[in-house]
Structure formats: structure tokens, C-alpha cells
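Asker: Handing you a structure now.
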Amino acid sequence: MSASASTAAHDHGPDENKYQLYVQIAMLLAVLTGIEIVAIFFPFAPWIIVTTLVVLSVVKFLFVIFYFMHLRWDKPFCTILFAIGLVLGGGTLWVLLLLFGAQDSFPLTSILD
Amino acid sequence: MSMDASVKTHFTGSEAPAPTRAAVFWRPTAKTGFVSWLTTVDHKKIGFLYGVFALFFFLVGGFEALLIRIQLAVPNNDFLTAQRYNELFTMHGTTMIFLAVMPLSAAFFNYIMPLQIGARDVAFPRLNAFSLWTFVAGAIVINLGWFMPDGAPDGGWFGYAPLTSKQFSPDHSIDTWVMGLQLLGVASIAASLNFIVTIINLRAPGMTMMRLPVFTWMTLVTAFLIVLSFPAITIALVELMMDRLFGTSFFEVSNGGMPILWQHLFWIFGHPEVYILILPAMGIISEILPTFSRKPLFGYPIVVFSGATIGFLGFAVWSHHMFTTGMGTVATAAFALATMAIAVPTGVKIFNWIGTLWGGHLMMRTPMMFALGFVWMFMMGGFSGIMHSAAPADAQQQDSYFVVAHFHYVLIGGSIFALLAGIHYWFPLMFGRKVSEFWGKLSFWVIFAGFNITFFPMHFLGLNGMPRRTFTYDENLGWNAPNFIATVGAMILGLGIFVYFAVMVYTYFRGEKVKRDYWDGRTLEWSLPSPPPEYNFAVTPTVHARDAWWYEKEHKEEIAKEKAEHAKEDAAHGGIHMPFQSIYPFVTSVGILIGAIGVCAVDYGHKLPVALAGGAIMLIGIYLWAMEGNEGYHIQPNEEDLKS
Amino acid sequence: MSSHAAHAPIDHHHDHTTSTGIPNKKLLMWTFLASDCMFFGMLIATHLVYRLHPPPGAPAAQDIFSIELTSFSTFILLMSSLMMALAVNAIQKGNLKSMRWSLLTTIVFGAIFLWCQVYEFDHFVKDRNFTLTNSLFGSTFYTLTGTHGTHVAIGVLWLIMMYVRSFQPRDTAKDRTWFLRNVLHVAAVTGVVLFAMFAVLNLVHVIQAGTGLGAFFSGSIWLLVGLAVTTAASVHFAKPRGPVAFDESNAIDVESMGLYWHFVDIVWIVIFTAVYLLEYV
């Protein structure tokens, strides 16, 4: 299946655009990182800042996996495969945070007191 | 194991390597002899090696168990010291799980799965060899303690912190446990990545996912479980090793560390691990029951779906091993619920196996005996399991012999029975000989009796309060008779295993030879000669239905025409493409072995040079492996194979 | 497995010899990355659990971290990811020269990231009394970022090997010294980077001190000579003496390596937020 330049759909854009696209995304990622770094100095409530940071990180993450790692143009199975690992890892991490944060798992007294 | 000596090997001109290859890139071509085993990349030979090592360690683990039972036969016994006892139950568990059941399953994954999907080998043959040799390296490291003054690992197969910290386990024994497990983890993950790519990408034309034999499906689910759960124990072991070697505080309470974290990380791995141990067994049973009932598997889609569900839910139940650690009511209830849920797909499978038997023309041969034993014994293990899932009841059962009874019913009555069944079942295919029915059945009954006599009393021992992992007990606790009975049962079980092994060894050398498709099987591996030629299929089959071989037997003319066409195409391409053998997977594993020994077994002051030397050998092995190229060579299939 | 003839156009997104059309190596790498998600997930979980429930007397991260340095290294890693994507793109179009330049830049940026991390660790230990063993925070921080750094180092090693491999001649019998020449090439490039870095550092000092360009040239003359020599050497040793055995059919190997490198970058995206930035909130 040879890539014909002119009439290709969005999936297989002309080769020149891929180069430009990558550079544009890299610029975007740099900007997002810059926003993250200044965000921590904003005078807002912590939960707003944390949410902003998480959202920005997720956006960067998604851009890298879908564009740099080519998932957008690959067979969906690759995305599903990675998503399994991601969801399992993220889900286990979340459950661990809950388990250690659960109030009734804290000892009533601590040896450190 | 005889390789087909009549195969003609030739190197076609355009594929010939460059006129002068550096000496370091010699191509091993030996097909027999010691070097051929070290350099093999053939999935059948690798599977055979896994099997041989697994059966050896099965005997080692069994011997360790017999020593344990002798110690516990009578109260206040002094056959073993407490220290020795701790080493034995630790190594019995570790050996049986990681060096016996898992590699025995791997033997079947390797040998049978590519044949069932119509492939010539796995996707990455050299990586396959690397997995095998790294497994051997891990087995060596973990058993080093027997030969060292520090002794074998003694912290239990689950190595709870802070017992395994430097403070309470100052010598090298726990280090060898940690590094051995890391090596075994690397081997398992590499092999599983290979199997996943093979099953997804190397299926014969027409072999859709829903036409795969159930054993292959279970191989796939198990491989996913391995690649997703082993990282958790890898990290737990890394953190433990950092604490022991470099003074970090991951599990060091005085610096704010929480030992309970070890339990979480370990069981996040440990629970999927038990499904890793049982799913291949369920896959084997799902092949044997249809063959010996002369009926297709009942409810194939739901059996497959249940297997996948068990795998997935298996990641959500780990804290049921921690019900008594004070996690709080919400967490405890959540995990109890999830554990109960997982019983549903398991039960569904059992009903489907019964449905397979129902109305079938049952052939009560030895593999069928073991398979029926599996269904019943695994069910009993499941009953005690569901009793554990109720957290309040578990508060009494935890850390008692009730748990020991439970997991031995599912692991011996389940996994081992199925693996022993699989050996009997596929023996004629792999070695072209049949096992005597009389001796096979005799070994089954002795094993069955011995197993139940050993472990059934343990349910009562547990409910009557006998704790696990204690080297002796006092005489007035009411535990004397059941312990004695259990020991007698263990001896009978040992005798049964001995008969089983003796029969196998005898049959391997002197058993009656048989032709192909000895059991009139349903799946593609039975379409091959016994034993299969090096290239597996003379012509890659085209699959038209589930139970592909059964379809071929029912539609002989159609298949014969197809085969003739494909044979012409293959010949036009220059023949069958085979991978080159290589020494570099072995070299890489040797490097890893030396490196691991440097980290765990050598004294401070000498660790670094040994570890670095091992690391250097490993890197050289990897580099040469990457550079030697994988062009392979071409083979013409045998005339008889083309005509079959 | 059999090498593709150069005349048939290669579809880099579809491998007709596999059941799904996904190339085997790509599938292998994605599955491995799914596994690595669990791996880093558990390490990050350990770190976060212990930061959410710290022991009394735990060091304050804001007093230790230098967000400027870490931001710089984050940016560098991001750019290396871009370069990697461009390298893959180049070899898929058969543009070997462009691939080599992009690969080289990826290596340099990756090496800079590692150097920044080493410098950061050294600074923390020496100037902030923040070590692996004197606090739980240190245990989790160094283990997590160190494991990530190890992944980067393995990647850099792999990238260098791939870079050198792209110079392998088709007939190794005729050109027996190719490997040695390429080792020298890599060494010369290392020299270029080091000389350039120190020259730039000197320039910065000179500008800050306001002593004028003349002082810069006289103080850095040996650096500039070294820079010229190593540049010439790297160009000389890189010249292939015949056709090389590396073309579009090797793109799958570069792409698989690219997936690994991008993954290391996205793990850093998570670590930068979870380990560094969140400490300031």
C-alpha cells in the first residue's frame, strides 16, 4: 500500500505534513510544560492547581502516545493493548492510595508519637 | 527425542550470508548433541527442556514436602530444627510454584501452542531460548543457599517484611531468594511477550480468535497475567533489595516505612499468580474432556470468556490475603465482594465441563481419569476458597491449616492433576510412544488416594486451630491423629508420583510405538506425525472451523486439494523458512546468572566486580545477538509429510 | 524475516505476513510498554503513598528541589522525543542522512538529560543533605527517578548502537574497519558535544563578568581547537566507503526503539508532575 500524496485522507497525511505536525506538537508540549511550571505559583486553591496540573499532564501524555507513538494511525488493537496496561497500572495505583488513606486503617496510636 | 534425520537442508543462493562472516558469528548447525541443545531455538526442544527441568524440581519440591511431613508426623518431633523447617517450607512453596508448576505449564505453552495455531515456531525464537536459560539461571540462584553456609531462604515463599529486612535476616539467604525471583520474573515476562505476539500474529489462515483451541486461549490470558502482574513483585523485590543492600527505608518502620506496603505489592502480584498457575491447567482439561467424550467442548464462547474474566478480576482481589491486617471495613468488604464474584466464572467453567461430558461417549483412559479427578478436586478446593472469601470466617481460617488444605486442593488437585493429565495426553504426540494404561491408571489411583489422605484432614486441623508454618506442635492439642494420617498420605502420594515417573521414564525409552493421532484428537497438533518434524507442518494448514483437525478429518478431499495448492506455493518460494540456531541467548543468560550471583551470594567488597563481569557478559551477549542477523535458511519438507 | 527487496514499496503500517497486519516487533514493544506501565505504576504508587503519609520530620521538597534545573531537563527530554519521531519518519521515507542527524540529536539530548539528573542528584546530596538513606522521601525519590534514569540510559545505549549500525556496510568483508571507524566517530561526536558545552559555559561566564570577547577567545582557545579537531574527525570517520546495509526495511527496528524512547518520555511527564510539581502545591 504505497502512500499517494495528494488525495490521502487525514489518516495518512502527506509526508511533509507529518514533519511539520511533529514540530508543532513539540512546540505545544513545550508550551504546556511552561504553563505547568508557572501554574504552581498561581494564587489559587490547591485543588484547582492540582487539577490543572493533572489535566495538562494527561493532555501531554495523550499527544505523545497518539501522535509521536503513532497510535492515531495504527490499528486500534495497539491502543487497546496499551490501554490495558495503563488502566490496570493507574487503577491499582488509585486503589493503593485509597487503601492507605482509609481512616479506619490508621492505627489508633503510633510508635512515632 | 528423535529429530527427523531425513530432512534435507540447503542454503539457497540469495540467502547465503556474506562471503566472510566474523568468527564470532558462527552459525551453529548441529541438530543432535550437547551443543544443539544449548543453541536450539526450536519451540519443541525448548518445551522439552522446560519439562525436564520442571519435573526435576517437582521431585525436589516433593522431597522437601516429605521432610516437612516427617517432622510433623508426631508431636514435639526433632527430626528437623526450627531453622531447617523454615527453610524447607519456604523452598517447598517457592520451588513448587516457580520451578515446577510454572515451567511445566511453559513446557506445554512452548510445545503445543504453536502447533495448535498452525505456526512453525514462536514469533521470536531466540527470545524463547533466552527465557528458558534465564529460567535455569533463576532456578540455580534460588537454590544456591542449600550449598552455602548461610542456608536456603527461610522467610516463607511470600517473604513478608520486616522479617526479610537486614535486621531480622542478616545473611545472604534472602538475597538469593530476591535475585532468584527477579531472574525468574525476567524469564517469565520475556516468554509471555513472545507467546502474546505469537498467538495474536502467527495464526494460520482461517484461524480466527474464536476458533482457537481453549488451551491456546488460556495460554494467551496467562501470558497477559504474567506481563501485567510480575512488575508488581519486581518492584516489591527491588524495594526490598534497596533496603537490604543500600539502607533505604521502604519497609523500615523507624524511618516511616510501612511493612504493610510489602504485603500489598506482593499480593498484587501474588493473586494473579495463582490464576497463572490454574488457567493453563483449565486449558489442558478443556482439551482432554472433549477428546475423551468424543464431543466438542460445551459452550466454547462462554468458557473462553470466563477464562478472560477470571484473569481480569484476578487483579481486583489481592487483599483477600490481608483480611486480618486491619484494612478497615470498607476495604475488607470490597475485596470480599470481588473475591466472591470471581467464583462465578470459575463455576461457569465447571458447568461447561460437565456439559461436555454429558451424553458423550466416554473413553476412560488415563488422561481422562486425571481430568475427571481435576474437575472434582478443583471443585473441592473452590469450596474452601469460597469459604475464605467471607472475611469474618476468614478471620478464623487465616494462617491456619485450612488455608493449606485449600490451596493444595486447587494446586495439586487442580494444576498438578491437569499437568499430569497433559503429560499422558500429549506423550504419544511428542515421543511417538504410548504409556501403558494399567500403570498409568495405577499411578492415578495411588496419587488420588495419597493426595486426599494427606490434605483432607488438614481442613479439620485448620478449623481446630493448628497454625501454619510452625515446626512442631504439642501433644495435647488434639492434632496428633490428623497429622499422622496426613504424613501417611504424603508417603502414599510420594509413592504414586514415583510410579508415575518410573512409568514415564520407562515409556520414553521402551514404550510401545504408536502412529500419529493416537487419541483421534480434535485440534491441529494431532494432524502431525508423532513426533513432529522440525518444521512442524509440511504445508501451513488453512482453518475452516473450531476443532480444526476434526474438520480436516471430516472433509478429507477439500483439505487435500488445498494442501496440494499451498505446497506448490511454498516450493516456489524456495521451501520452508527456518530460523538459525544461536548461542547468544545462552551467553546472555550466563551473564545474567553471574551478575545475579555477584549481587546476592558474594560478600561485600567482592560484589561489584562479579556483578560487573556478569553485566559485561550479558551486554556482549545481547550485542552479538542483535548483530548476528536473523535471515534463517530454507528446508524442503519430507515427501511423506506432503502426502498426508 | 527474509529481507525485503528494495524495489517493492514497503507499507510501514501494515505487515501482510502477520494475522493482524501489525508488525511483530511493534506488537512486542507495545505489550512490553503495557507491562512497564504496571512497573512504573507500582513505583509511583510507593512514592505517592509515602508522600501522602510522611513520617514526622520529613524534609520539605520545596527547600530541596531546583525547579529551574528540572524544567530544563524536562524540556530537553521533550525535544529528544521530537527528534526521535523525526528519525522514525525519516527512515520510513528512506532518508538515511536525515535519520542519522535526528538520531544523533536524540542521543545528545538524552545524554544531556542524564547529565542534568546526575548533577541534580549530586547537588541534592552535597548541598541539601538529601540522600538515599537519610529519609524515606530520599528512598522513594532516588529509587523512582533513578529507575527512570536507568531506562533513559538503556535507551541512549540502544540509540548509539542503532546509530552505529546504520553505518554497517553491505559487504563487511571488503570494509573490515567500519566498526572501529564508527566507534571513533561516536567518540569524536562526544568530544564535539563536550567541547561545545564547556565553550558555551565559558562564554556565559565571560558575558556575566563583562570581560569582553577577547578574554573569551584567549581563555577558551584550547576548547575551540578541540572543537574544530573533533568536528573534523567526526565528519571524517562517518564517511561510509560503500553502500550500507541499512535502509527503509530497517524502519521497524527504529520505530520499535522510538516507541521505547517515547514511553520513557511519557513516564517522565507523569514523574515531573507527581514527584516535583505537586510538592509545590
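The values are calculated or read from the model by the stated rules, or taken from the named source; none is laboratory data. Since the model is a prediction, treat every value here as computed from it, not as a measurement. Here the Cβ is made from the backbone with ideal geometry for all residues, glycine too, and neighbour counts use every protein chain on show. Quick note on the areas: whole protein, heavy atoms, side chains included, nothing else; ligands and nucleic acids left out. Shrake-Rupley method; radii C 1.70, N 1.55, O 1.52, S 1.80 Å.
Asker: Which of the pairs B:Lys515/B:Lys568; B:Lys295/B:Lys513; B:Lys434/B:Lys556; B:Lys45/C:Lys25; B:Lys515/C:Lys25; B:Lys553/C:Lys26 have their Cα atoms more than 30 Å apart in this structure?
Answerer: B:Lys515/C:Lys25; B:Lys553/C:Lys26
Asker: Moving to a separate point now. Can you list the residues, at least 5 places off or on another chain, whose amide H is less than 5 Å from the amide H of B:Arg433, using H built in the peptide plane?
Answerer: B:Val514
Asker: Per residue of segment B:149-163, what does 6.51 cos²θ - 1.76 cosθ + 1.60 with θ = phi - 60° give for ³J(HN,Hα)? Whole Hz please, x for Gly and Pro, Karplus curve as stated.
Answerer: x, 5, x, 7, x, 9, x, x, 5, 9, x, 4, 6, x, 4
Asker: Here's another thing I want to ask about it. Please give the calculated 222 nm ellipticity per residue for chain B, where each DSSP H segment of at least 4 residues contributes -39500 (n - 2.57) and the sum is spread over every residue; nearest 500 deg cm²/dmol?
Answerer: -21500 deg cm²/dmol
Asker: Separate question: With contacts defined as alpha carbon pairs under 8 Å and 6 or more residues apart, what's the relative contact order of segment B:145-297 in percent?
Answerer: 26 percent
Asker: Sticking with this structure for a sec: Once the Cα gyration tensor of the protein assembly as shown is diagonalised, what are the square roots of 5 times its eigenvalues, in whole Å and ordered largest first, as equivalent ellipsoid semi-axes?
Answerer: After diagonalising the Cα gyration tensor, the semi-axes are 48, 40, 26 Å.
Asker: Can you give the local net charge around B:Thr356? Use residues other than it whose beta-carbon is closer than 15 angstrom to its beta-carbon, Lys and Arg +1, Asp and Glu -1.
Answerer: Combined, the nearby Lys, Arg, Asp and Glu give +3.
Asker: Can you put C:Asp63, B:Asp520, C:Asp36 in order of accessible area, largest first, using a 1.4 Å probe?
Answerer: Sorted by accessible area, descending: C:Asp63, B:Asp520, C:Asp36.
Asker: Give me the accessible area of C:Val229, 1.4 Å probe, in Å² rounded to the nearest 10.
Answerer: Roll a 1.4 Å probe over it and C:Val229 shows about 90 Å².
Asker: So, one more: Any number yet on Rg/Rh for segment B:343-444, C-alpha, Kirkwood?
Answerer: Over the Cα atoms of segment B:343-444, Rg/Rh equals 1.08.
Asker: Tally Lys and Arg at +1 and Asp and Glu at -1 over the other residues with C-beta under 14 Å from the C-beta of B:Arg510: what net charge comes out?
Answerer: Around B:Arg510, the surrounding residues sum to +2.
Asker: Given B:Gly206, B:Val122, B:Ile97, which one lies farthest toward the positive end of the charge dipole of chain B, if we put +1 on the Cβ of every Lys and Arg and -1 on the Cβ of every Asp and Glu?
Answerer: Of the listed residues, the answer is B:Gly206.
Asker: Still on this model: What are the extents of the Cα atoms of segment C:10-58 along their three principal axes, in Å, largest first?
Answerer: Principal-axis extents of segment C:10-58 (Cα, largest first): 61, 16, 11 Å.
Asker: What accessible area per residue comes out for the protein assembly as shown, rounded to a whole number of Å², with a 1.4 Å probe?
Answerer: For the protein assembly as shown, the per-residue accessible area is 40 Å².
Asker: Kirkwood hydrodynamic radius (Cα pairs, Å) of segment C:44-280?
Answerer: 20.1 Å
Asker: I would also like to ask the following. What is the ratio of the Cα radius of gyration of chain B to 2.2 N^0.38 Å, with N the residue count, to two decimals?
Answerer: Scaled against compact globular proteins, the figure is 0.98.
Asker: Find the centroid of the Cα atoms in segment C:221-260 and in segment B:81-142, then give the distance between the two in whole Å.
Answerer: A separation of 42 Å, based on Cα centres.
Asker: In addition: Within the protein assembly as shown, what whole-number % of the accessible surface is contributed by carbon and sulfur, with the 1.4 Å probe and all protein chains included in the calculation?
Answerer: That fraction is 70 percent.
Asker: Let me ask you something else. Please compute the Kirkwood hydrodynamic radius of segment C:104-201 from all pairs of different C-alpha atoms, in Å with one decimal.
Answerer: Evaluated over segment C:104-201, this radius sits at 15.9 Å.
Asker: While we're on this one: Which whole-number percentage describes the relative contact order of chain B, with Cα contacts under 8 Å and a sequence gap of 6 or more?
Answerer: Reported as a whole number, the value is 19 percent.
Asker: I've got another one for you. Pairwise over distinct Cα atoms, reciprocal of the mean inverse distance: report the Kirkwood radius of segment B:114-236 in Å, one decimal place.
Answerer: Kirkwood hydrodynamic radius for segment B:114-236: 16.2 Å.
Asker: Any idea how many Lys pairs in segment C:44-280 come in under 26 angstrom at the alpha carbon, given 8 or more places apart or on separate chains?
Answerer: Close lysine pairs found across segment C:44-280: 4.
Asker: Can you give me the P(r) profile for segment A:74-113? Cα pairs, bins 10 angstrom wide beginning at 0, each as a whole percent.
Answerer: 25, 28, 21, 15, 9, 3
Asker: Under the Karplus relation 6.51 cos²θ - 1.76 cosθ + 1.60, θ = phi - 60°, what is the ordered set of whole-Hz ³J(HN,Hα) values for segment B:85-90, x standing for Gly and Pro?
Answerer: Once θ is set to phi - 60°, the couplings for segment B:85-90 become 4, 4, 5, 5, 6, 4 Hz.
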